[in-house]
Amino acid sequence: MIVGDEGDYVVRAGSVLLRQVSIGGRIVDIAIGDDGTIAAIGEGIGAEYKGDAEFIVEGKQDIAIPGLVNTHTHAAMALFRGYADDLPLHEWLTSKIWPLEALLTGDDVYHGTRLACLEMIRSGTVAFNDMYFFMKDAARAVTEMGMKAVLAYGFIDLFDEERREREIRATEEFCRWIGSLRNPSIRAAVGPHAVYTVSTEAMKWLADFAKREGIIVHVHLSETEREVAECEKMYGRRPAFVLDECGLLTERTTAAHCCWLDQQECNLLGKRGVHVSYNPVSNMKLAVGRAIPYQWLKEAGANVTLGTDGAASNNNLDLMEGMKFAALLQKFFWNSQTILPAHDTLAMATSSGARALGFGDGRLMAGSPADIVLVDRYAVCNTPLHHLESNLVYSCTGGSVKTLICSGKVLMQDRVVFDERKIIEDAAKAAQRLLDRLGEQVIQEH
Ligand SMILES: [Zn+2]
């Protein structure tokens, strides 16, 4: 079925045959059913499936890997890329980011999210975990772009009862609306922003609501030292324990950052089966002062995954690049050459992320969702090819991704994404309109 058409490129969904791709050094074909799952993988199976395939992609020996999964981002912040950098954290937030966010419209979020999806598709990401505002507009963008996402309305009550009631209604309404779409690629989550912006009353309500609805919890946890100190002052306990008392640490929970967890908190997260989103680039850019205690989390059995955070604190959504930062930051901070090797880093960005978001197992196997990325076999970063995982993590960036298939839909082929020029132009205009509104507001205020 052809779902879009521009020039000589179309987005195709239906049965697909991927011919002559490299998996583990073997050249194989991958047959994808029209239900969006992998029907078969094997040498020479193309002949058998060719007749049924509605669409054939020539792999040209490119390397097939599972699609990457970005477990923490604020996609629409792609509009803020490069707007404010190299500032102290508090000044960055209060003088730059929050004034712009206050002027955001649903239309901005739609265009920003489309831009973010385009960037993620181009760099090998098939699914992401998003927390922001105007999330119906984000859902519309994700649907059009063909990706998979878990979307949370960012819940912030600032300990105010009236605001809490409003946020509760907004959360309920959004989650029911997402449910009514009956789109398996888009799921709702609850999004308690963090312990310093959300009351315990609200966190308890969110935990109950998420349990009743069987949906994911997406929360920021212990990003900065200051946040931990303030939490201890306010509650007499560290943040992970406060979340746990509210019922927010579950097997459906993804906790972003987790830089300042102590060993007891890591054990608690492991015991509760929590998924952790490690955001190395954002952590380094915002100088949070500590890398996540990966070893403790791993020993405790927590599932550590990878995220980019928003483009304002990264400044891209390239998870291929993020893998390198992930491994290097652990090695540097924890003074160990052997911590977080390439194999584990790749798993973090693929199978661990897919598991956290409930989008399959993140592996290339018959029966798995057809979330497949083809990386250029003949790129400089893959030459020589002594050790594929080393090349993928330490040498390649998103620019080496040639083709991306999400739930069996070919969203990029040979580096061409449907409607790319228009997505970029529309996003640039939306960013400019946002700045224009900021200018007007400044004039009105003075
Ligand atoms: Zn964040």
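Every number here is computed from the coordinates shown, using simple stated rules; none is lab data. Computed from a prediction, not measured in an experiment: that's the story for all the values here. Here the Cβ positions follow ideal geometry from the backbone for every residue, glycine too, while neighbour counts run over all protein chains shown.
Observations
- Among ILE97, ALA76, SER123 the positive-end extreme of the charge dipole of the stretch 68-357 (Cβ point charges): SER123
- Look at the dipole of the chain built from charges on Cβ: of ALA311, THR253, GLY25, the Cα furthest out on the positive end belongs to GLY25.
- Charging the Cβ of each Asp and Glu at -1 and of each Lys and Arg at +1, and nothing else, the dipole of the stretch 154-308 about its Cα centre rounds to 520 debye.
- The chain - Debye-derived log10 I(q)/I(0), Cα point model, q = 0.10 Å⁻¹: -0.69
- Linear extension gain, MET365 paired with ALA229, 0.36 nm per residue minus alpha-carbon span: 44.4 nm
- Helix 200-213 axis, angle to the chain major axis (alpha carbon atoms, nearest 10°): 30 degrees
- Across the options PRO239, ALA354, VAL417, the greatest Cα extent toward the positive end of the charge dipole of the chain (unit charges at beta carbon of Lys, Arg, Asp, Glu) belongs to ALA354.
- Net lengthening on full extension, GLU161/TYR378 (0.36 nm per residue, minus Cα-Cα): 72.3 nm
- Taking Cα centre as origin and charging only the Cβ of basic (Lys, Arg, +1) and acidic (Asp, Glu, -1) residues, the dipole magnitude of the chain rounds to 720 debye.
- Förster radius 41 Å - calculated FRET efficiency between ARG212 and ASP414 (Cβ-Cβ, nearest 0.05): 0.35
- Order by protection proxy (mean Cβ within 10 Å, highest first), peptides 107-117, 263-273: 107-117, 263-273
- Counting only alpha carbon atoms, the long axis of helix 263-272 and the longest principal axis of the chain meet at about 60°.
- Burial order of peptide ranges 192-198, 207-213, 66-72, 35-41 (average beta-carbon count within 10 Å, highest first): 66-72, 192-198, 35-41, 207-213
- Zone residues, the stretch 171-193, relative to THR105, backbone N less than 15 Å from point 7 Å out along Cα-to-Cβ: none
- The calculated FRET efficiency for ALA40 paired with ARG421, based on their beta-carbon distance and R0 = 30 Å, is about 0.25.
- Calculated mean residue ellipticity at 222 nm for the chain: -11500 deg cm²/dmol, from DSSP H runs with n ≥ 4 weighted as -39500 (n - 2.57), summed, divided by the residue count and rounded to 500.
- Net charge dipole size for the stretch 61-165 [Lys, Arg +1 and Asp, Glu -1 on Cβ; Debye, nearest 20]: 420 debye
- Projected label points at TYR394 and ILE27, each 7 Å from Cα along the beta carbon direction, are separated by 2.9 nanometres.
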